[in-house]
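Some notes on the structure that comes next.
What follows is calculated from the coordinates using simple rules that are stated; it is not laboratory data. Since this is a predicted model, take the numbers as computed values, not measurements. Every residue, glycine among them, receives a Cβ derived from its backbone with ideal geometry; neighbour counts consider all protein chains shown.
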Amino acid sequence: MLGEHPAGLLLSAPYALFVAAVFVYPLGFGIWMSFHHYFFTAPGAVVPHPYVGLKNYATVISDPAVRASFVHVGEFLIINVPLTVIFSLLLATALNNAIHWRGFLRVSYYVPYVTASVAMITVWMFMFNSGGIVNRILGPLAPNPAWLVNTTWAMPSIALYVTWKQLGFFILLFLAALQNVPDELNEAAAIDGASRWQSYRTVTIPAVRPATTLVVLLAIITGANLFTEPYLMTSGGGPNGATTTPVFLLYQKGIEQGTPDVASAIGVLLVIGVLLIAYASRKVTERE
Amino acid sequence: MNTSDTQRMPRWRRILTMTLLMLGALVFLFPFYYMVVGALQARRNPSLSGAIPWLSNLTLSNFSQINSAINLGQSLLNSAIFTGAVVVCTIFFGVLAGYALATLHFRGRGLLFAVVLLLQAVPFQLLMIPLYVMLVRNFGLGDTYEGMILPFAINSVAVLIFRQFFLQVPREMFDAARIDGAGEFRILRSIAVPLVRPAILTAALVTFIGPWNEFLWPFLITKKQSMEPLAVAVANFTQTGLAGHANPMGSILAGSVALALPAVVLFVVFQRYFTQTHASTGVKG
């Protein structure tokens, strides 16, 4: 009844219990909270949390700040996802063709990914503030106010930073996929008289399509959960609230303002949004 | 693409490829270089010449500045406790679950594997409010190491790494031990674990960077400065602690160097272990 090796149940029990306690239960609790009136009480106090139907969702959807935060994340994704796909595929292809220095190059591309965002953010702020080195190089072309305090440029700057920070991870994903493309395919294309660019477009890019789908999907999921970068780079919500994100509002409403029920509704909507966008992007990247 | 194919590339293409790659390396490495230079500047010099470490403008005082502002030793210790406990828990739970998934047939194995895969898709941000309510408000674990560690104590990537390693061990080794009358715990302790030592190192390294670099969760549950891990302490200093410092940017960058250094050193020394996992599990670590 318990299978051939019942000991397996015993060995996986600690893991399973932890999953139940820190993933399954909170997940259910979060969804439950979004349909109830929930507020913080002293530990141990028993108070009713009445069912309120979709009231929290109505509060969230009618809040212009929440709607704006979703628009900001959309803006972020429109910049971040294409940049990520183009540059990681480009550098992975070049790396795959390189003969020398491959180890050094791989390490230098990956090292931002393993470094704390908090540490790298401070350098970017140093580089991109009004008297920073980037503006000195740009001279009269520098935006005024500077990047991170400029309502137009704040979000694109953050999108650029996040692209830079994570690119190494995606380069290695593409590199692994490129190394699995059979040489015969490119050779056959060459015999058929295809130029390198033609064979790249018609053989290589379709062959790495599963990797492309994965890269797009992961970039969307991480992008939708954006918090640390705008929070630290633009001190909270950014100039004129230009860089508020759903997760920032989750924090603000759930913890600072003591309305975890409303925050949970934002969380549920965010996940539904991510699922929809992920589904749509799969349709786009997988079509012939 | 194989080497012979690469060598057939015309010279100009090879030069173009290498230029692109070196340009890429420069873009990725320059901020690290600039971080170190900035952390050593006595007076802040944001101009182009400031990118060169002039001997006359070098100092270590930024490190003592940040140390007096955020108590570097205490925050490093907090980071070490948080990270160390997470790594130990992850490996302990990961070895057990990975071994069971790879070598044992039991009821619910398929479900367990599905859960391991599914967990990767659940963003932490969705859980953050309910976890905060549960751990901080209901259980009073705010400002404690337990509260910091609990949500990170299990990790799907580690389970997948161990499962992958155990799958590569010939089944006969385990079966022979069973015939000899060894129980599963005995097999695990004296056969399986010694065999997967390299996997333990890989899992430890991959897990290390998660809690060491984590900002959001420890930020949410710490109110006392004495409990903050280094990432949170540096981040809070960048937001509030700037007043009254001669070279605040220098102090911040000194804190950043202290935060970045352990992860970068581990990565550079053990880079093979990081990138291998990446390719073999194909998942975000």
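Averaging the inverse of every distinct alpha carbon separation and then flipping it gives the Kirkwood radius. What is it for region B:3-59, in angstrom units? Could the numbers behind the result be given before it?
On the way: mean 1/r = 0.0722 Å⁻¹.
One over the average 1/r among Cα pairs gives 13.9 Å for region B:3-59.
Sort B:70-80, B:154-164 for me by packing, meaning the mean count of neighbouring Cβ atoms within 10 Å per residue, highest on top. The partial results should precede the final answer.
Details: B:70-80: 18.5, B:154-164: 25.4.
So the peptides B:70-80, B:154-164, ranked by packing, come out B:154-164, B:70-80.
Treating only the Cα positions of the protein assembly as shown as identical point scatterers, give the base-10 log of I(q)/I(0) from the Debye formula at each q in 0.07, 0.12 Å⁻¹.
Reported log10 I(q)/I(0), two decimals: -0.46, -1.34.
Lysines within cross-link reach of A:K253: Cα-Cα under 27 Å, excluding same-chain residues under 8 positions apart?
Partners within reach: A:K55, B:K223, B:K224.
Would you calculate, for chain B, the mean residue ellipticity at 222 nm contributed by helices, counting each DSSP H stretch of 4 or more residues as -39,500 (n - 2.57) and dividing by all residues, to the nearest 500?
Only helices count here, giving -21500 deg cm²/dmol.
Given a Förster distance of 35 Å, report the FRET efficiency between B:L201 and A:A13 from their Cβ-Cβ distance, rounded to the nearest 0.05.
0.85
What order do you get for B:M9, A:M127 when you list them from fewest to most C-beta neighbours inside 10 Å?
B:M9, A:M127
Shielding of B:31-40 by partners, i.e. mean partner chain Cβ atoms within 10 Å per residue?
4
Based solely on its DSSP helices, what 222 nm [θ] is calculated for chain A when runs of n ≥ 4 H residues each add -39,500 (n - 2.57) and the sum is averaged over all residues, nearest 500 deg cm²/dmol?
Roughly -21000 deg cm²/dmol at 222 nm, from the helical runs in chain A.
Fewest to most neighbouring Cβ within 10 Å: what's the order for A:S199, A:S62, B:S226, A:S157?
A:S62, B:S226, A:S199, A:S157
Going 7 Å from the Cα of A:T151 toward and past its Cβ, which residues in region A:228-250 have a backbone nitrogen under 18 Å from where you end up?
Residues A:234-245 qualify, since their backbone N sits under 18 Å from the label point.
For peptide A:184-196, what's the mean number of Cβ atoms from other chains within 10 Å of each residue's Cβ?
Mean number of neighbouring Cβ atoms from other chains: 1.
Take every residue in peptide A:103-109, count the Cβ atoms of other chains within 10 Å of its Cβ, and give the average of those counts.
Per residue, the average neighbour count from other chains is 6.
Got a sec? How would A:E184, A:E286, B:E214, A:E75 order by Cβ neighbour count within 10 Å, fewest to most?
Values: A:E184 8, A:E286 11, B:E214 25, A:E75 16.
Lowest to highest Cβ neighbour count: A:E184, A:E286, A:E75, B:E214.
Assign unit charges at the C-beta atoms only (+1 for Lys and Arg, -1 for Asp and Glu), then state the dipole size of the protein assembly as shown relative to its Cα centre in Debye, rounded to the nearest 20.
Here the size comes out at about 660 debye.
Placing one identical point scatterer on every Cα of chain B and ignoring solvent, what is log10 I(q)/I(0) from the Debye formula at q = 0.11 Å⁻¹?
So the normalised log intensities work out to -0.84.
Which of the listed residues, B:H105, B:Q120, A:F170, is farthest toward the dipole's positive end in the protein assembly as shown, when Lys, Arg count +1 and Asp, Glu count -1 at the beta-carbon?
Result: A:F170, furthest along the dipole toward the positive end.
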